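One structure is given here, and the rest of the page talks about it.
The values are calculated or read from the model by the stated rules, or taken from the named source; none is laboratory data. This one's a predicted model, so the numbers in the text were calculated from it and none came from an experiment. Cβ atoms come from the backbone with ideal geometry, glycine included; neighbour counts cover every protein chain shown. These area figures cover heavy atoms from the full protein model, side chains too; ligands, DNA and RNA do not enter into them. Shrake-Rupley method; radii C 1.70, N 1.55, O 1.52, S 1.80 Å.
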Amino acid sequence: MKLIEAALFIASRPLSIDELSNLCNSPREEVLKELRKLKKRYEDSAIEIVYNDEEAWMRLRDEYLKKVSHLAFKSQISRPVLRTLALIAKLQPIKRSEIAKMRGGRAYEHIKRLEELGLVKSEKKGRTVILRTTKRFELYFGKLEI
Amino acid sequence: MIDLLELAREPSWKAMLLEMVRRGEIDPWDVDLERLATLFIQRIKEMRRLELRVPANVILAASILLRLKVYSLGFWGTEEEKAEEVFGGFTPEIPEIQEIDAFIPSRIVMRRVTLEELIQALEEVMEFEKRKRPRTRPSSRVMEIEVEIEPLDVSALVNEVLSRVKALADPKGWVLFSELLLERDAINVVRTLIALLHLVYEGKVRLLQDRLFGEIYVKMVRP
């Protein structure tokens, strides 16, 4: 459990269950069991452990994040990229060209960045590209209706 | 400090430079490239005639010294082949570099974005969409406009203007365009000019204008 805790602490980003499984040299089921225990241990803490069947993440609880965010170097997602993400989340599934029409030419860079962050996935349908949020997006923001 | 600007004037400057480094007469770490660049710019400004060979050599020499510095830091390749390729068989000595105690952070944190911020970003972008003016595209529909055109008898007009030219021309056959106008409105100017152009085509008059938008001189051509 300590190795998983250390890995999640140093990464400060979601780590895949497979990554943790390789690190601990344990099967996925074992990692998920340890994550359950770890989550329980952090219940009364400013830090929380969130995970699904793909990834796990150690992060600050929202209520504390608001109070101390100014101490972090910079945001993981810049404001313009966040606006593009918000539109995709609201209008998904949506054509990439539609997003570009609304957000301008820079939208392509934003989408690329969001794909790198694993928050958005694109799917080719004929000559168009359809955008959707990912499971990581759900892990990041929680399941939401916006 | 070595005068690279003078050295660059020599035909075999590159070999000389490397030889000087090899013999220890120049230590690349003692060459202040920033100062060299400033001197170089000053020299170029002072030069009365443009001689590109020298400036180009200075830039190349400075870049060689910079690469020697980079090489000695070990950032750029350690293989001897690379050194041979750049420094012509001369492998610069790599000085021992003292380890620097640096703060190694145990965690590099980039702040995550909250759901609240995501919703706020959505509100901003929707507000912007609302404010955006709808783009109007030029219509591909052909517009039909009816314009009433007064029927014009060009032959009658040409004859009328020719008779005016004959009546108003001086003994040498010259008359001013402005004198031919019945009224100084646009339609009269256009009609008179059209008639005169017909007369030019028929070889009955010649037109002269010495400046743009200036007076037009009409000269009758005697048969």
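A few notes on this one:
- Qualifying GluC sites (Glu not before Pro) in the range A:70-146, DSSP loop, other Cβ atoms within 10 Å at most 12: A:Glu145
- Chain pair A, B: total accessible area buried, heavy atoms, 1.4 Å probe, Å²: 2700
- Site-free segments of chain A were taken between trypsin sites (Lys or Arg not before Pro) in DSSP loops having at most 15 other Cβ atoms within 10 Å, sites themselves excluded; the longest one is A:1-60.
- Net charge of neighbours whose Cβ lies under 13 Å from the Cβ of A:Lys74, counting Lys and Arg as +1 and Asp and Glu as -1: +3
- Percent accessible area from carbon and sulfur atoms, chain A, protein chains only, probe 1.4 Å: 50
- Solvent-accessible heavy-atom area per residue, rounded to whole Å², over chain A at 1.4 Å: 59
- Largest-first ordering by accessible area, 1.4 Å probe, given options A:His110, A:His70, B:His198: A:His70, B:His198, A:His110
- Using θ = phi - 60° and Karplus 6.51 cos²θ - 1.76 cosθ + 1.60, couplings along the range B:152-160 (whole Hz; Gly, Pro as x): 10, 8, 5, 4, 5, 5, 5, 5, 5
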